[in-house]
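**Q** First, the structure itself, so that you have it in front of you.
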Amino acid sequence: MADLQKTPLHALHLSLGAKMVPFAGYEMPVQYPLGVMKEHLHTRAKAGLFDVSHMGQVIVKGDSYAAAALGLETLIPVDVADLAEDRQRYGFFTNDAGGIEDDLMLANRGDHVFVVVNAACKAADIERMKAALEPDLTVTEITDRALLALQGPASEAVLSAIDPRAAEMTFMDVATLDLNGVSAWVSRSGYTGEDGFEISIPAADAESIATALLAHADVEPIGLGARDSLRLEAGLCLYGHDIDETTSPVAGALTWAIQKVRRPGGARAGGFPGAEAIFQEMENGTARKRVGLLPEGRAPMREGVMLYADETATEAIGSITSGGFGPTVGGPVAMGYVTSDYAAIGTQVYGELRGKRQPLKVAKLPFTPANFKR
Amino acid sequence: MKYTEEHEWLRAEGDVYVVGITEHATTQLGDLVFVELPEVGDTVTKDDEIVVIESVKAASDILAPVDGEITEVNTALAEDPSLANSDALGDGWFFKIKPSDPSQLDDMMDEAAYKEMIS
């Protein structure tokens, strides 16, 4: 794994007994000695600490917040400009065909927009922003900060023991907290469906902060394996799998993220790549849709399993894009795309597993109820 | 006990052999979440893929260690695949097989040789 980058917590992962794997160009912990199943259940019961330092942290700055926000709105079909100060929102970059180039989080930090993007896409994302926005705005990748995610119902108690202001934040609030003298950019968010925080801290302080959080009896380190099963149960998309440059926000069931003001008739309608294609799909529907899928048997159905209308049909109606065992559900869970005729909740479809057609039902997402502090 | 290169163990019980996978294998696989066992009475050939196991990470197969007939399967394991993680050499057994050519066991490893292989 010589060519892989390391996060500031690499040595800590090794000392905690993590099994390291290559992921998006980084050497990352896939699991710790607790194992994927227990790590998953622990996060939903108490709290888990994830190293997400591989993700891209970017500051977009101009003469004012509005200038930076309006610049980003030329690339992102969400309402950035009206986002209140110290609030965060989900979004995505689109392409001219209306496909999704990456999904992201953006926050209003008063005089700039703080953007967090996926590790695998960050170079392209930064390039895209620089090409479109500079020199009017500056696009700066933050490479000297680690990013931690503390997730689970005990997260508030754990973090507010270090800075009590953590308890005053609600879902998608952003604040600068003082964690043992370290200035931390904190958002009350995450990607597990649980309450929790994402915490950006200087790389030099990452190990001491992580160690302080792990010192709490309720906190266990959690690897990428459980991160994946947690986000899958929460119905959240993994970029490159559940959404990609060929899936539009409409097909990806993400139109909720496009606020009214950016839709036809809105004050700042369109003006982002692929607006016409996306509006046309919002009006007329799409050929396929992302749905939740619950295998009726016990066998997990994973990414790539082809879906059929019945046990004998020769033409597939879709495929699974994420699937596995859901430890909290206690059985297999999946999501994927089906042609829109088969997208209604409760529709029975069949997945081909080891040459046999096995039934699944189109199911409501998320599989586990979201547990956010609203 | 006999061991195969596929990380199976075989324990003699009269003229049948109880077959499971080693702790080393279950540790590598991670938490098992699904096990599909053969049918009692199946006649199998060495290296046939007769069991499907799925861990939290991936699917894999278990091969028939010898030619023979399946005489019993561990239905408790199909109900609770985690038995293979918690008690690989005991309650986590997979199936019992009656070898048709017991000489196929001669080439298998003993415990010391298996430990050497995984070290």
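The values are calculated or read from the model by the stated rules, or taken from the named source; none is laboratory data. Bear in mind the structure is a predicted one, so any value in this text is a computation, not a measurement. For neighbour counting, all protein chains shown are included, and Cβ atoms are generated from backbone atoms with ideal geometry for every residue, glycine included.
**Q** Which one of these is surrounded by 16 or more Cβ atoms within 10 Å (Cβ to Cβ) and more than 9 Å from chain A (Cβ to nearest Cβ): B:Thr22, B:Thr75, B:Thr43?
**A** Step by step, each of B:Thr22, B:Thr75, B:Thr43 is checked, and only B:Thr22 is surrounded by 16 or more Cβ atoms within 10 Å (Cβ to Cβ) and more than 9 Å from chain A (Cβ to nearest Cβ).
**Q** I want to confirm something. Restricting to the range A:70-87 and keeping residues that are surrounded by fewer than 22 Cβ atoms within 10 Å (Cβ to Cβ) and outside any loop (DSSP other than H, G, I, E, B), which single residue is nearest to the other protein chains (Cβ to nearest Cβ)?
**A** Here the residue is A:Arg87.
**Q** May I pose another question? Look through A:Val362, A:Val333, A:Val338 and report the one residue that is surrounded by 15 or more Cβ atoms within 10 Å (Cβ to Cβ), under 18 Å from the mean Cα position of the chain (by Cα), β-branched (Val, Ile, Thr) and not assigned by TED's automatic domain parsing to the domain that holds A:Leu150.
**A** Only one candidate passes the filter, namely A:Val333.
**Q** Looking for whichever is touching a residue at least 24 places away in the same chain (Cβ under 8 Å) and touching a helix residue (DSSP H, G or I) at 6+ places or on another chain (Cβ under 7 Å) here; the options are A:Ala234, A:Ala309. Which one fits?
**A** None of the other options fit; the residue is A:Ala309.
Residue-wise test of (1) assigned by TED's automatic domain parsing to the domain that holds A:Ala215; (2) surrounded by 20 or more Cβ atoms within 10 Å (Cβ to Cβ); (3) part of a strand (DSSP E or B).
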residue: A:Gly91; (1), (2), (3): no, yes, yes
residue: A:Glu101; (1), (2), (3): no, yes, yes
residue: A:Leu104; (1), (2), (3): no, yes, yes
residue: A:Cys121; (1), (2), (3): no, yes, no
residue: A:Asp125; (1), (2), (3): no, yes, no
residue: A:Leu150; (1), (2), (3): yes, yes, yes
residue: A:Val158; (1), (2), (3): yes, yes, no
residue: A:Arg165; (1), (2), (3): yes, no, no
residue: A:Thr176; (1), (2), (3): yes, no, yes
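**Q** Looking at B:Leu32, B:Leu89, which is the one that is at pLDDT 95 or above and closer than 18 Å to A:Pro332 by Cα?
**A** Sole residue among the options that is at pLDDT 95 or above and closer than 18 Å to A:Pro332 by Cα: B:Leu32.
Every residue, every condition in (1) farther than 21 Å from A:Ser53 by Cα; (2) free of Cβ contacts under 8 Å to residues at least 40 places away in the same chain; (3) in contact with a Gly (Cβ under 7 Å, 6 or more places away or on another chain), yes or no:
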site	(1), (2), (3)
A:Val80	yes, yes, no
A:Gln88	no, no, no
A:Ala97	yes, no, yes
A:Glu101	no, no, no
A:Ala120	no, no, yes
A:Met129	no, no, no
A:Gln151	no, no, yes
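**Q** From the list A:Gly25, A:Gly48, pick out the single residue that is more than 30 Å from A:Asn371 (Cβ to Cβ) and touching a strand residue (DSSP E or B) at 6+ places or on another chain (Cβ under 8 Å).
**A** It is A:Gly25.
**Q** Here is a further query. Pick from the range A:221-230 the residues that are within 14 Å of chain B (Cβ to nearest Cβ) and not acidic (Asp, Glu): which of them is nearest to A:Met37 (Cα to Cα)?
**A** Taking the candidates together, the pick is A:Ala226.
**Q** Does A:Ala253 satisfy the condition of being without any contact (Cβ under 8 Å) to a residue 12 or more places away in the chain and outside any helix (DSSP H, G or I)?
**A** no
**Q** While we're here: Could you list, in sequence order, all residues of the range A:1-60 that are aromatic (Phe, Trp, Tyr), over 21 Å from A:Asp125 (Cα atoms) and more than 14 Å from chain B (Cβ to nearest Cβ)?
**A** A:Phe50
**Q** Cβ contacts < 7 Å: first residue free of Cβ contacts under 8 Å to residues at least 12 places away in the same chain, restricted to the range A:354-372; second residue surrounded by 15 or more Cβ atoms within 10 Å (Cβ to Cβ), any location; separation 6+ or different chain. Result?
**A** Close Cβ pairs (under 7 Å, with a partner that is surrounded by 15 or more Cβ atoms within 10 Å (Cβ to Cβ)) amount to A:Arg354/B:Val52.
**Q** From the list A:Arg227, A:Arg165, A:Arg231, exactly one residue is more than 30 Å from A:Pro295 (Cα to Cα) and not hydrophobic (A, V, I, L, M, F, W, C). Which is it?
**A** After ruling out the rest, the residue left standing is A:Arg165.
**Q** Among the numbered criteria (1) in contact with a strand residue (DSSP E or B) (Cβ under 6 Å, 6 or more places away or on another chain); (2) part of a helix (DSSP H, G or I), which single criterion is violated by A:Ser208?
**A** Checking A:Ser208 against (1) in contact with a strand residue (DSSP E or B) (Cβ under 6 Å, 6 or more places away or on another chain); (2) part of a helix (DSSP H, G or I), the one that fails is (1).
**Q** Just checking, does the range A:303-318 include any residue being buried (at least 22 other Cβ atoms within 10 Å of the Cβ), more than 13 Å from chain B (Cβ to nearest Cβ) and among the small types (Gly, Ala, Ser)?
**A** yes
**Q** Also, quick follow-up: (1) surrounded by 15 or more Cβ atoms within 10 Å (Cβ to Cβ); (2) within 14 Å of another protein chain (Cβ to nearest Cβ): which one isn't true of B:Asp61, the others all being true?
**A** Here B:Asp61 meets the rest and fails (1).
**Q** Further, regarding this structure: Specify the residue that is surrounded by the most Cβ atoms within 10 Å (Cβ to Cβ); the eligible residues are those in the range B:25-40 that are over 25 Å from B:Tyr114 (Cα atoms) and within 14 Å of chain A (Cβ to nearest Cβ).
**A** So the residue we want is B:Val33.
**Q** If you check B:Ser100 against the conditions, is it among the small types (Gly, Ala, Ser), more than 29 Å from A:Leu34 (Cβ to Cβ) and surrounded by fewer than 20 Cβ atoms within 10 Å (Cβ to Cβ)?
**A** yes
**Q** Another question, if that's okay. I'd like to verify a number: residues in the range A:125-162 that are in contact with an Asp or Glu (Cβ under 9 Å, 6 or more places away or on another chain), closer than 30 Å to A:Ala68 by Cα and among the acidic types (Asp, Glu), how many?
**A** So the answer is 2.
**Q** Check A:Pro295, A:Pro327 and return the single one that is touching a residue at least 12 places away in the same chain (Cβ under 8 Å), over 30 Å from A:Thr170 (Cβ atoms) and within 14 Å of chain B (Cβ to nearest Cβ).
**A** None of the others qualify; the one that does is A:Pro295.
**Q** Taking the criterion of being closer than 13 Å to B:Val18 by Cβ and in contact with a His (Cβ under 9 Å, 6 or more places away or on another chain), would at least one residue in the range B:85-98 satisfy it?
**A** Yes, that holds for at least one residue.
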